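**Q** Before I ask anything, here is the structure I am working with.
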Amino acid sequence: MWSEQSAANVAKAIVDTIRDPLVVLDGNLGIVTASRSFYRLLKVVPGEIEGRRLFEIGARSWDSENLRTLLLRVLPLHTTVEDYEIEANWPTLGPRVMLVNARRVCQEREGNELILMAMSDITDRKRAEQALERAKESAEEANRIKSLFLAKMSHELRTPLNAVLAFSEVIKDQLFGDGTAAKYVEYATDIHTSGHLLLELIDDLLDLSKIEAGEYKVRDDVLFLREFFVDIVRVIEPLATAKRLSLVMDMADDLPRLRADKRAVKQMAFNLLSNAVKFTPEGGTITVHAFVRAEN
């Protein structure tokens with residue numbers, strides 16, 4: 001049969017073998033006793049903090065009004081504190097997240113009610129959860145961008161393809177009659193131009209991997225702007241005609257040559273014109289205007 005003191009020593013030994021910080025509190029949150037791991041966590045000496053209020057130690061860096069309120073309810077209301085998270089800059093560990101659980105315990109002989117509070121370091125778990133959440137958000141954003149990209153590319157590929165179909169249909173059905181071979185040659189040329197544009201769009205898709213790898217190289221081409229815009233307008237023209245839109249070219253005579261990546265500039269101009277066709281009301285007019293701005 002153990003004496004009362006022996007039982008207390010055994011209980012203390014058991015508490016001290018637990019790696020997580022444990023502390024026993026009275027109803028006013030005064031410290032009755034604590035485990036060695038609790039002392040180490042808050043960088044205090046055993047025997048010097050008994051009777052002091054819980055949140056007065058550890059440089060008050062972890063003082064939480066909400067947790068204090070929850071702990072003060074444990075004894076009078078017979079409640080428990082379940083998995084309460086507190087993030088603080090702990091004296092011995094630095095910024096960490098602790099999970100706090102607390103419940104009342106009774107000393108049968110003395111009839112006292114005390115609070116047993118346990119703390120667990122969950123910083124690594126929280127970091128893993130946050131990393132997983134960031135990865136999930138990144139995956140969702142990548143999926144959204146992919147859907148947006150596919151929708152955009154579908155629009156861009158359909159425009160020259162519709163031009164190819166429209167021009168080829170005119171030739172197939174001989175809408176201009178048998179004696180207009182020159183007109184058919186002109187339309188065949190437009191089909192050829194639209195086909196090249198489709199190939200360039202496909203090349204752009206292949207270049208995406210180079211852009212992501214930082215290996216994309218901008219080409220140094222020379223563009224004759226008038227001829228450049230004529231080619232773009234000819235591809236767009238069937239789409240404009242289908243909406244009964246008028247395409248007007250207002251090009252200055254002194255347009256300079258432009259040094260740029262021809263394929264990239266063509267894609268930008270093509271996007272602008274195809275959007276103009278898309279958003280201009282039926283029967284309207286689209287004007288392609290190019291000029292040289294005089295410097296002040």
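The values are calculated or read from the model by the stated rules, or taken from the named source; none is laboratory data. For clarity, every value in this text was computed on a predicted model and none was experimentally measured. Counting neighbours? That spans all protein chains shown, and the Cβs are built from the backbone with ideal geometry, glycine included. Keep in mind that these areas ignore ligands, DNA and RNA; they rest on the heavy atoms of the full protein, side chains included. Shrake-Rupley method; radii C 1.70, N 1.55, O 1.52, S 1.80 Å.
**Q** Answer yes if at least one residue in region 232-251 is in contact with a Lys or Arg (Cβ under 7 Å, 6 or more places away or on another chain), within 15 Å of Leu161 (Cα to Cα) and at pLDDT 70 or above, and no otherwise. Give the derivation first.
**A** Taking region 232-251 and keeping what is in contact with a Lys or Arg (Cβ under 7 Å, 6 or more places away or on another chain), we get 232, 251.
From the residues that got through so far, the ones that are within 15 Å of Leu161 (Cα to Cα) too are 232.
Of the ones still in play, those that are also at pLDDT 70 or above are 232.
Looking for residues that are in contact with a Lys or Arg (Cβ under 7 Å, 6 or more places away or on another chain), within 15 Å of Leu161 (Cα to Cα) and at pLDDT 70 or above, one finds at least one in region 232-251, hence yes.
**Q** Can you find, within region 68-90, the residue that is farthest from the chain's Cα centre (by Cα) among those that are over 17 Å from Val24 (Cα atoms) and open to solvent by 80 Å² or more (accessible area, probe 1.4 Å)?
**A** Leu77
**Q** Hey, any hits in region 167-180 for a residue that's open to solvent by less than 90 Å² (accessible area, probe 1.4 Å), touching a Pro at 6+ places or on another chain (Cβ under 7 Å) and at pLDDT below 80?
**A** yes
**Q** Now for a different question. Give me a count of the residues in region 39-70 that are touching a Leu at 6+ places or on another chain (Cβ under 6 Å) and under 15 Å from Met119 (Cβ atoms). Give the derivation first.
**A** Within region 39-70, the first condition is being touching a Leu at 6+ places or on another chain (Cβ under 6 Å), and the residues that meet it are 53-54, 57-58.
Subset that is under 15 Å from Met119 (Cβ atoms): 54, 57-58.
Of the residues in region 39-70, 3 are touching a Leu at 6+ places or on another chain (Cβ under 6 Å) and under 15 Å from Met119 (Cβ atoms).
**Q** OK, next. Considering every residue within region 204-215, establish whether at least one is open to solvent by 80 Å² or more (accessible area, probe 1.4 Å), modelled with pLDDT of 80 or more, closer than 30 Å to Ala142 by Cβ and of a type in the set (A, V, I, L, M, F, W, C). Steps first, please.
**A** Step one: filter region 204-215 for residues open to solvent by 80 Å² or more (accessible area, probe 1.4 Å), giving 206, 210-212, 215.
Now drop any that are not modelled with pLDDT of 80 or more, which leaves none.
Within region 204-215, none of the residues are open to solvent by 80 Å² or more (accessible area, probe 1.4 Å), modelled with pLDDT of 80 or more, closer than 30 Å to Ala142 by Cβ and of a type in the set (A, V, I, L, M, F, W, C).
**Q** Among Thr159, Thr123, Thr189, which is at pLDDT 65 or above and either open to solvent by 60 Å² or more (accessible area, probe 1.4 Å) or of a type in the set (Asp, Glu) (or both)?
**A** Thr189
**Q** May I ask you to list the residues in region 19-67 that are within 18 Å of Asp83 (Cα to Cα) and open to solvent by 70 Å² or more (accessible area, probe 1.4 Å)?
**A** Answer for region 19-67, where residues must be within 18 Å of Asp83 (Cα to Cα) and open to solvent by 70 Å² or more (accessible area, probe 1.4 Å): Arg19, Glu65, Asn66.
**Q** Another question, then. Looking at region 240-296, what strands (runs of 3 or more DSSP E) fall wholly within it and have at least 1 residues that are open to solvent by 80 Å² or more (accessible area, probe 1.4 Å)? Talk me through it step by step, then tell me what you get.
**A** On the way: elements: 246-251, 257-260, 285-290.
So the answer is 257-260, 285-290.
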